[in-house]
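Take a look at the structure below.
Every read-out reported here was derived from the displayed coordinates using simple, explicitly stated rules and does not represent laboratory data. Since the structure is predicted, the reported quantities are computational estimates derived from the model, not experimental observations. Note that each Cβ is placed from the backbone with ideal geometry, even for glycine, and that neighbours are counted across all protein chains shown.
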Amino acid sequence: MQLAPKHYDVTLDSFLSSWNLERIKKMTIHEYADLSDHDSLCYWLEYGTKNLGAIGRISLNKFELWKPRDSKDKEFKDGRFKMEGVYAWNAQKGNTLEQAFNTIKQLVVDIVVHASNQDWTAIDGIRFHAIAKWKIACLFSKKQLLPVYSMRALLAIANGLGYAFTGKEKVSVIQAGIIGHKSEDEDMVDFSYRIYTQFASRDKISNRNYYIVGSKYSDGNGNDNVSVVDQFIAHGCVAIGWLDWLDFGHYMGKQNKEVNTFVASNWTIIKPTLGKIQGYFRLLSQMKSGDIIAVKSEGEYGQLNIIAYAEVVERNGSAYWHDEDVLGHHIHAEFLDAGFVNDTGETYAGTIHRLTREKDGPAFNKIFGWYAGDLQEVGPAESEETTEVIIDETDEEGYNGKVETSFERSAIASVIVNRVHNRIQNRFIEYLKANYPNDLSSGEKKYIDARRISSEEVFIYEIKPFSDVYTCIRQGIGQLFDYMHKEKSKKQKRIIIVGPNEPNPADLKFLDEIKKMLSVPFAYIAFDESRMTAKEY
């Protein structure tokens, strides 16, 4: 589930201002199914209302009639689907495109009418793909339905609340059972977000691996000093350039023996050694969707600098693609963070390393930080996007040179990062309760990440999952001002940014300048999730 409580009402109002029952009754095939039209109904369902619950990982046939992305004629051998021109449809809805569309349009009208009348039982009986049907119903339900559309998630929530549903029940029955646990004063979206996080968030990737990958290519003279991290980000990938004229796609996921043979048959250079190059390709061959990659700029002699984090994803059914004219061997990736320099003090020379907690010990958490934990599948609390991260601190107090990475998270990466945010929020609240047992510590239902109330003070915390302390402060301080303004308590208020890393000298100088400007107490906390410790600055 992708759900953004803070933006829900704004997005819903935008959708309803564009689509209502009268427009649906008059819509054309193009207005319904053409995803290239950003005002089509299916575009709104798939993309425009993502933060009202995402349905994008389900095939487009969920809309019963759709425009295939490649716009080529398709042959549906099992007879379930038909195609005419650029549109495909469920064969049960009609023999011709016109018949099918008229049937589907009437079904959508019926869904909207019943949702407006809150007749959920009638919606159960409509023969329409369940995911799309209940998404449409939710959007027109006046916030009387959970924005949760998969049976798996509904059952996880219901069972967590004590029901013994099996999945054979109607969706309306499961929805009603869950909603019965909502208090009258709790907003439906906040309730949905809370119970999904509590009961339905599960990490689907139990065998996630962690890698370090270098971002320097050869300058043509044998020196690996050409940074390609900007190209990584631009192409949505990490990559290696060894044997870049060969396509390695056939060997992804293969046994080490096959990979070693492939490299030995093609590697004719003395340095690096054959064994080292074989090791690189063995690791490359095992990369898969869900793996976490720390991108380094340097790695030798205790100078391991991490400059980006990414998660491996599949595109067009594969995590790998080859292009010798770009970067060689590419692994599809969504970048989670970039535009920082994390000087770990560790040594990991070479192109690729696979790290484990057992093998690498404390270095594992030092290198991967908050990304070292399980990334639970929960909806985002808030988009943490940042653009054009430019840090220029080259004096004696500052950073390791100038970072000029232009970086903006995609929607997918924002969801991934907010899974980290939500996990850390829970862990940090656990930390507060354990270390301040006499205070009232909680995660707020709206907006505030964490709040602690002592006998004399109110502490308001904003959690930011950026590796760069400066960015954490810059992104979070405005929110803290807003929360402090809304906090009605007459007690002394304190505002605190919580991030994963300790500040360097330039960050400390920035912190001191902010503290001098503010009349309210302000601090930054570096929270070590692995040890459940917090250091305040």
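Summary table below
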| read-out | value |
| --- | --- |
| Furthest towards positive pole of dipole, Ser530, Asn422, Pro505, structure part segment 414-536, Cβ charges | Asn422 |
| Theoretical gain in end-to-end length, Glu186 to Asp230 [0.36 nm per residue, Cα-Cα removed] | 11.4 nm |
| Least to most buried among Leu508, Leu41 (fewest other Cβ within 10 Å first) | Leu508, Leu41 |
| Sum of -39500 (n - 2.57) over DSSP H runs of 4+, divided by residues of the chain (222 nm, nearest 500) | -10000 deg cm²/dmol |
| Spherically averaged projected area of segment 1-56 from its Cα convex hull (nm²) | 3.7 |
| Shape call, segment 414-536: gyration tensor on alpha carbons, a/c limit 1.5 | rounded |
| Size of electric dipole in the chain: Cβ of Lys, Arg +1 and of Asp, Glu -1, about Cα centre, debye, nearest 20 | 2100 |
| Nearby lysines by direct alpha-carbon distance to Lys26 (threshold 20 angstrom, same-chain neighbours under 8 apart not counted) | Lys67, Lys93, Lys105, Lys133 |
| Shape category assigned to the chain from the gyration tensor of Cα positions, a/c cut at 1.5 | oblate |
| For segment 210-377, convex hull volume per residue from C-alpha positions, Å³ | 124 |
| GluC sites (Glu not before Pro) restricted to segment 314-349 and DSSP loop, no more than 12 other C-beta within 10 Å | Glu314 |
| Order of Met188, Met151 under a 10 Å beta carbon neighbour criterion, fewest first | Met151, Met188 |
| Percent of Cα-Cα distances greater than 25 Å, calculated over segment 184-301 | 41 |
| Amide H contacts of Tyr211 (H built 1.01 Å from N, under 5 Å, at least 5 apart or other chain) | Ile292, Ile293, Ala294, Leu355 |
